[in-house]
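**Student:** I'd like to ask you about the structure that follows.
The values are calculated or read from the model by the stated rules, or taken from the named source; none is laboratory data. Owing to the predicted nature of the structure, the values given are computational and were not obtained by experimental measurement. Backbone-built Cβ (ideal geometry, glycine too); neighbour counts: all protein chains shown. Each accessible area value is taken on the protein alone, full model and side chains, heavy atoms only, with ligands, DNA and RNA left out. Shrake-Rupley method; radii C 1.70, N 1.55, O 1.52, S 1.80 Å.
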Amino acid sequence: MNYIVKTVIFGFLVIELILGGDIPYEQLLIVMIAIVLQLIKERYYDSIWLTIAMLLLTCAGVAMDFHFSIWFAIVFYDFMLKKGWTGPLAVLVCVVFFLTHAPQFYWLVVFISLTGMLAYQIRRKREEASRFTLTLDNERRLRYELEQAKAQLLHASKEIAGITEVKERNRIAREIHDSVGHNLAGIFIQLQAAQKIHAKNENKAMSIVKTSIDGLANTIELLRDTVHNIKPRESLGADYFQGIIENYQFCPVDLQLSGDFNSVPSAHLELLSATIKEALTNTARYSQATKVEIKIDVNMNYTRLSVKDNGIGSANIKEGLGLSGMKERTRNLGGSFSFHSLDGFMIVCVIPRQKGGELFEGAYRG
């Protein structure tokens, strides 16, 4: 835009000078110097001092010929591109000083004002673009920091899971060693002793064998209790989902399950249970529904959950903490999460069984 404005003004001046007759060498020299100043300013080094030099050169040209007054528009334009009002006021003072009695004074003032308004608008657009770029840079930086924090959190959670698994293994090994292991070792020693004295004292040997049998029965019972304590009291599976539904008292829920839930990873089951709980909570709060339909489909490729109610829905859904949390948890497992409210409210959660690929629900994209 700067090139266009200045080229038009310089072209207008050159045409006026040519139409006026022969151009004196002094005026031609001023024109050449002005062109060099503008080239340096636009291509290499934009400085306020170059604009001031252009203002002085314009005053010198106006002293020779009135037609050089058109350059005041260039100087005013350059000053208006920068913040501050000292430069534009200096240009106006020069215009009033040199051209108050000129025949085209008012026309020139209007032209200078128009170029100043154009420069002001260009400056505002540049400032808005700069703020927008700064906002994008800050958003990009925050997103990068968030991704780093997320990666660190996932890494820490994996380390915690590994440490927890090692601790649990050590606890199980210690419990079996301290309880079952000692009992079995004692029974083994008693049986060896019974074998050695069997030929000499059969009654004594049989008494030891009977004691060993009783001890073995107690050990088996102890082993059964140990395994029972190790096994989680609350199972994650079809029964667990049924328990969630039974605890929901707002409206009837139709739960439809298909597939082998024993093959579903525990992380998928935890995600499904958390999503169902959040969806039912939102239904109770906002939907005014009289029925909820939950479908869970499990196969070798993916696990798919859909929750739909027959409530009032909403034409303008704002994604709050609940929906964003469900979406984030699903995407962390490489899946897709979507929702819509065309007829009631429905969410669809699809989790791939193999890591790496993301699945998308095109019809219900949220």
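**Student:** Condition first: closer than 14 Å to residue 346 by Cα and hydrophobic (A, V, I, L, M, F, W, C). Now tell me which residues in region 293-322 satisfy that.
**Tutor:** Once the filter is applied, which keeps residues that are closer than 14 Å to residue 346 by Cα and hydrophobic (A, V, I, L, M, F, W, C), region 293-322 yields 294, 296, 305, 307, 312, 315, 317.
**Student:** Report, by residue number, each residue of region 63-100 that is of a type in the set (Val, Ile, Thr) and in contact (Cβ under 8 Å) with a residue 40 or more places away in the chain.
**Tutor:** 70, 74
**Student:** Among the listed residues 77, 120, which satisfies the condition of being under 17 Å from residue 57 (Cβ atoms), part of a helix (DSSP H, G or I) and under 53 Å from the mean Cα position of the chain (by Cα)? Explain how you work it out, then say what you get.
**Tutor:** Numbers: 120 fails: under 17 Å from residue 57 (Cβ atoms).
Result of the check over 77, 120: 77.
**Student:** Could you say which residue among 318, 295 is open to solvent by 50 Å² or more (accessible area, probe 1.4 Å), among the charged types (D, E, K, R) and outside any loop (DSSP other than H, G, I, E, B)?
**Tutor:** Going through 318, 295 in turn, just one is open to solvent by 50 Å² or more (accessible area, probe 1.4 Å), among the charged types (D, E, K, R) and outside any loop (DSSP other than H, G, I, E, B): 295.
**Student:** Also, I was wondering about something else. Which condition number does residue 251 fail, the rest of (1) assigned to a loop (DSSP other than H, G, I, E, B); (2) open to solvent by 40 Å² or more (accessible area, probe 1.4 Å); (3) modelled with pLDDT of 85 or more being met?
**Tutor:** (2)
**Student:** Could you tell me which of the residues 69, 47 is under 55 Å from the mean Cα position of the chain (by Cα) and polar (S, T, N, Q)? Reasoning before the result, please.
**Tutor:** Values: 69 fails: under 55 Å from the mean Cα position of the chain (by Cα).
Criteria check complete, one pass: 47.
**Student:** Scan region 298-315 residue by residue and report those that are open to solvent by less than 40 Å² (accessible area, probe 1.4 Å) and assigned to a strand (DSSP E or B).
**Tutor:** Going residue by residue through region 298-315, those that are open to solvent by less than 40 Å² (accessible area, probe 1.4 Å) are 298, 303, 305-307, 309, 311, 313.
If the condition is that a residue be open to solvent by less than 40 Å² (accessible area, probe 1.4 Å) and assigned to a strand (DSSP E or B), then 298, 303, 305, 306, 307, 309 are the ones that fit.
**Student:** Under 7 Å by Cβ, and 6 or more places apart or on different chains, what pairs join a residue from region 120-148 that is open to solvent by less than 80 Å² (accessible area, probe 1.4 Å) with one that is not in a helix (DSSP H, G or I)?
**Tutor:** 122/1; 122/81; 123/81
**Student:** For residues that are within 17 Å of residue 350 (Cα to Cα) and of a type in the set (Ser, Thr, Tyr), scanning just region 254-292, find the one that is most open to solvent (accessible area, probe 1.4 Å).
**Tutor:** The residue in question is 266.
**Student:** Mind counting the residues in region 321-344 that are open to solvent by less than 50 Å² (accessible area, probe 1.4 Å) and either acidic (Asp, Glu) or touching an Asp or Glu at 6+ places or on another chain (Cβ under 9 Å) (or both)?
**Tutor:** Let us first name the residues in region 321-344 that are open to solvent by less than 50 Å² (accessible area, probe 1.4 Å), namely 322-327, 330, 334-341, 344.
Now restrict to residues that are either acidic (Asp, Glu) or touching an Asp or Glu at 6+ places or on another chain (Cβ under 9 Å) (or both): 322-323, 325-327, 334-339, 344.
The total comes to 12.
**Student:** Can you pull out the residues in region 238-248 that are among the small types (Gly, Ala, Ser) and either open to solvent by 30 Å² or more (accessible area, probe 1.4 Å) or under 17 Å from residue 282 (Cβ atoms) (or both)? Steps first, answer last, please.
**Tutor:** In the first step, residues of region 238-248 are kept if they are among the small types (Gly, Ala, Ser); the result is 238, 243.
Scanning region 238-248 gives a single hit, 238.
**Student:** Now, a different point. Under 7 Å between Cβ atoms, which residue pairs at least 6 apart in sequence (or on different chains) link something in region 38-58 that is under 26 Å from residue 98 (Cβ atoms) with a partner that is of a type in the set (Val, Ile, Thr) and surrounded by fewer than 17 Cβ atoms within 10 Å (Cβ to Cβ)?
**Tutor:** Between residues of region 38-58 that are under 26 Å from residue 98 (Cβ atoms) and residues that are of a type in the set (Val, Ile, Thr) and surrounded by fewer than 17 Cβ atoms within 10 Å (Cβ to Cβ), the close pairs are 50/40; 57/33.
**Student:** So residue 200 passes all but one of these: (1) more than 22 Å from residue 222 (Cβ to Cβ); (2) in a helix (DSSP H, G or I); (3) among the basic types (Lys, Arg). Which condition number does it fail?
**Tutor:** Exception for residue 200: condition (2).
**Student:** Filtering region 12-60 down to residues that are modelled with pLDDT under 70 and open to solvent by less than 40 Å² (accessible area, probe 1.4 Å), which residue is farthest from residue 89 (Cα to Cα)?
**Tutor:** By that ranking, first place goes to 21.
**Student:** Output the residues belonging to region 151-205 that are of a type in the set (Asp, Glu), surrounded by 11 or more Cβ atoms within 10 Å (Cβ to Cβ) and over 27 Å from residue 215 (Cβ atoms).
**Tutor:** 168
**Student:** Right, next: Go through the residues of region 99-106 one by one and say whether even a single one is farther than 20 Å from residue 64 by Cβ and over 36 Å from the mean Cα position of the chain (by Cα).
**Tutor:** So in region 99-106, the residues farther than 20 Å from residue 64 by Cβ come out as 106.
From the residues that got through so far, the ones that are over 36 Å from the mean Cα position of the chain (by Cα) too are 106.
The answer is yes; a qualifying residue exists.
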